[in-house]
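One structure below.
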Amino acid sequence: MYKRLYKYKDLFYILIWRELLIRYKQTAIGVLWALIQPLSMMLLFVLVFGIILNIDTGGIPKPLFYFVGLVPWTFFSSSISASIDSFVAHRNLITKIYFPRELLIFSRIMIFLADFTITFILLALLIMIYRIPFSMDMLWAVPLTILLLLFTTSVGMILATINVYYRDVRLASAFLLRLWFFATPVFYSIDTLPIKFKLILFLNPLTYVVENLRRVLLENRGIVGWQFMIETVFVLFLFILSYRLFIRLERSFADVI
Amino acid sequence: MSSDLSIKFDRVSKKFSKSAIQHGLLRDDLVMFFKRNKNVDCLKTDEFWALDQISFKIPKGSSIGLYGPNGSGKSTLLKLIANVISPTTGKITINGRIAPLIELGAGFHPDLNGIENIYMNGAILGMTIGEIKSKIERIIEYSELSDFISTPVKKYSSGMKLRLGFSIAIHSEADIFLFDEILSVGDEAFQEKSLNSIQKLLKNKKTLFIVSHNKKRLTGMADKILILEKGKIKWNIFD
C-alpha cells in the first residue's frame, strides 16, 4: 500500500485541496457548517431525550453526554455518505487515466477529519466550561480517533467499491445509516450492561469508540487494555480485508462504471 | 524486460459485454468472485473480443501510428496501455510514466478555474507540486489561455478545454504519450504548434502512440503503423 501510494502523495494533497475548494465555493459561512450540524443535534437531543424522555445520563451533564457521541457519529455518517459516490462521481477520471483510485476516498474522508477536529475543539471547550478536570486518560482520545478513522475508511471503501457494481448501495445507505445510528449509543449508554453483552455490541466499533470517549473524556476513567487490543485487531483486520476487496475489484472499475 | 523496451504486449485479449447491466445475478457474481479458475476463454451471449491475442514490443523512442476502422479496438488498446482497463488474458509490461491524451479535458472539474485544474491534472499525470509550480507559466502560455486562466472551466469552450488539456500533458515529464484522435486540437495555428511539439517529443526519445483516421498525418509522424481490424493486428511499414 505504501509503495503504491507514495509516488502519488502530491496528488493526495491536491485532491484534499480540491475538495476544500469545491466545498466552500459560493458558501456564505463556510467552515461554520461543520459546527452547526452537531451543535443543533445536541440541543435537540437535550430537549427530546434529556428533558422530554428524561433518559438517564449517569450524572454526566446532558449537553456533554450527547455531544461526545455526536462528534464521532457525525464524522462517520458524513464520511460514509460522501464516500459511497466518490468512484461513480469521478467516472470521467477513472475511465481516462490511471491513478490509485482509493485516493478519492481518502481525500474526502480527510475533509471530514478536519471537520471532526474543529468540532473536537468545541468539545474541549465544553469540557472546560463544565469544569471537568484534565487527566492523562483523556489522551486516549487520540488512539480512539485513529480507530474511528480506520473503521470509517474501511466501511467507506467497501461501500464505494460495491456501489460501482450495484447502485443499490446508494439507495440503501440512507436507511442503513439511520439503523446504524440507533445501534450506536449516541443518546443512550450501554455502560450498565453486563460485560457479555458489551463484547457483542463492541462488534460495532462505533459503539466501542463512543462509549470509551465518554469514559476517558467525561468520567476520568482509563481504557481497558485487552478490550482495546481486541478492538484494534478487529478494526485492522477489517481495514486489510476492505483494501484487498477494493484492489481486487478496482481492476475492472473502468469496464463497469 | 530489457530497459530499451517501452511497451510490451504478450498475447493480450480484452473481452467486452454489450449488455447495459454490468453485473450478473448477485448469486453468480459471488460465485465468480470466489472461484479461482475462471473460465475466461469462452464468450457468454452478448460478449465479444474487442482485442484478440495481441502481441508486440515497442522500443523506446519510437512513434507508432494506430490505424483502423471504427470499432476495431484502437481506443481499447490505448486504454490498456494507459492501465485504465486491465486485460482479460495476457500480460502488459510498461516501462515509464504515461501521459494519455484521451478525451482531453474530460477530467477537468467544471467549478474550478484553469490554474486549479492544471494542478489537479498535472498531479494525476504524476507530476509533483514543485514540478507543476515551475512549469505553470509555460503551460498557461502554451495553451494561449492567459486571459481566462482564473475563469471556471465550465465557462470554457470545448476548444479551450482541449488546448489546456494538451498543454498540461505535453509539459508532463512522461515517457510514453498516447494521442487519441486529438491531432485536430484548436485552430490551424494551434494545430501547427501541437504538431511541432509532437516532433520535439520524438527528438527527446519519447515513445508516442498516435491514433488517427488521417493516413497522411500518420505517415508523416509515425515510423511504424499498426493496423487493427476487428481486434486483430497486422504490422505495416507505411509507404
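The values are calculated or read from the model by the stated rules, or taken from the named source; none is laboratory data. What you are looking at is a predicted structure, and each value in this text was computed from that prediction instead of being measured. Please note: Cβ atoms are built from the backbone with ideal geometry, for glycine as well, and neighbour counts cover all protein chains shown. Keep in mind that these areas ignore ligands, DNA and RNA; they rest on the heavy atoms of the full protein, side chains included. Shrake-Rupley method; radii C 1.70, N 1.55, O 1.52, S 1.80 Å.
Quick grid of which residues meet (1) within 14 Å of chain B (Cβ to nearest Cβ); (2) under 29 Å from B:Gly105 (Cβ atoms):
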site	(1), (2)
A:Ile55	no, no
A:Gly69	no, no
A:Ile84	no, yes
A:Leu104	yes, yes
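Can you tell me which residue in region B:90-107 is surrounded by the most Cβ atoms within 10 Å (Cβ to Cβ), limited to those that are more than 15 Å from A:Ile14 (Cβ to Cβ) and at the interface with another protein chain (Cβ under 7 Å from one of its Cβ atoms)?
Step by step, filter region B:90-107, then rank; the result is B:Pro100.
Of the residues that make up region A:23-33, is at least one among the β-branched types (Val, Ile, Thr), more than 23 Å from the chain's Cα centre (by Cα) and not in a helix (DSSP H, G or I)?
Yes: one or more hits.
Being surrounded by fewer than 22 Cβ atoms within 10 Å (Cβ to Cβ) and charged (D, E, K, R) narrows it down to one residue among B:Lys79, B:Lys154; which is it?
B:Lys154
Quick test for you: out of A:Tyr13, A:Tyr8, pick the one residue that is within 14 Å of another protein chain (Cβ to nearest Cβ) and open to solvent by less than 90 Å² (accessible area, probe 1.4 Å).
After applying the criteria, what remains is A:Tyr8.
Using the structure shown, decide if A:Met41 is surrounded by fewer than 18 Cβ atoms within 10 Å (Cβ to Cβ), in contact (Cβ under 8 Å) with a residue 12 or more places away in the chain and closer than 27 Å to A:Val155 by Cβ.
No: the conditions fail for A:Met41.
Which residue pairs have Cβ atoms under 6 Å apart, sit 6 or more places apart or on different chains, and have a first residue in region B:125-146 that is away from every other protein chain (no Cβ under 14 Å) and a second that is of a type in the set (S, T, N, Q) and open to solvent by less than 30 Å² (accessible area, probe 1.4 Å)?
B:Ile139/B:Ser167; B:Tyr142/B:Ser167; B:Ser143/B:Ser167
Taking A:Phe65 and the conditions (1) farther than 30 Å from B:Asp180 by Cβ; (2) of a type outside the set (D, E, K, R); (3) open to solvent by 10 Å² or more (accessible area, probe 1.4 Å), which numbered condition does it fall short on, given that it satisfies the others?
Condition not satisfied by A:Phe65: (3).
Are any residues in region B:108-144 in a loop (DSSP other than H, G, I, E, B) and buried (at least 21 other Cβ atoms within 10 Å of the Cβ), and if so, which ones?
B:Phe108, B:Leu125, B:Met127
Can you give me the number of residues within region A:87-97 that are surrounded by 20 or more Cβ atoms within 10 Å (Cβ to Cβ) and either in a helix (DSSP H, G or I) or modelled with pLDDT of 90 or more (or both)?
3
Within region A:153-257, which helices (runs of 4 or more DSSP H) (wholly inside it) include 1 or more residues that are touching a residue at least 40 places away in the same chain (Cβ under 8 Å)?
Hits in region A:153-257: A:168-183, A:205-218, A:225-250, A:253-256.
Report yes if some residue within region A:159-168 is away from chain B (no Cβ under 14 Å) and surrounded by fewer than 16 Cβ atoms within 10 Å (Cβ to Cβ); otherwise report no.
No, because not a single residue in region A:159-168 is away from chain B (no Cβ under 14 Å) and surrounded by fewer than 16 Cβ atoms within 10 Å (Cβ to Cβ).
Within region A:50-71, track down each residue that is in a helix (DSSP H, G or I) and free of Cβ contacts under 8 Å to residues at least 12 places away in the same chain.
If the condition is that a residue be in a helix (DSSP H, G or I) and free of Cβ contacts under 8 Å to residues at least 12 places away in the same chain, then A:Ile51, A:Ile52 are the ones that fit.
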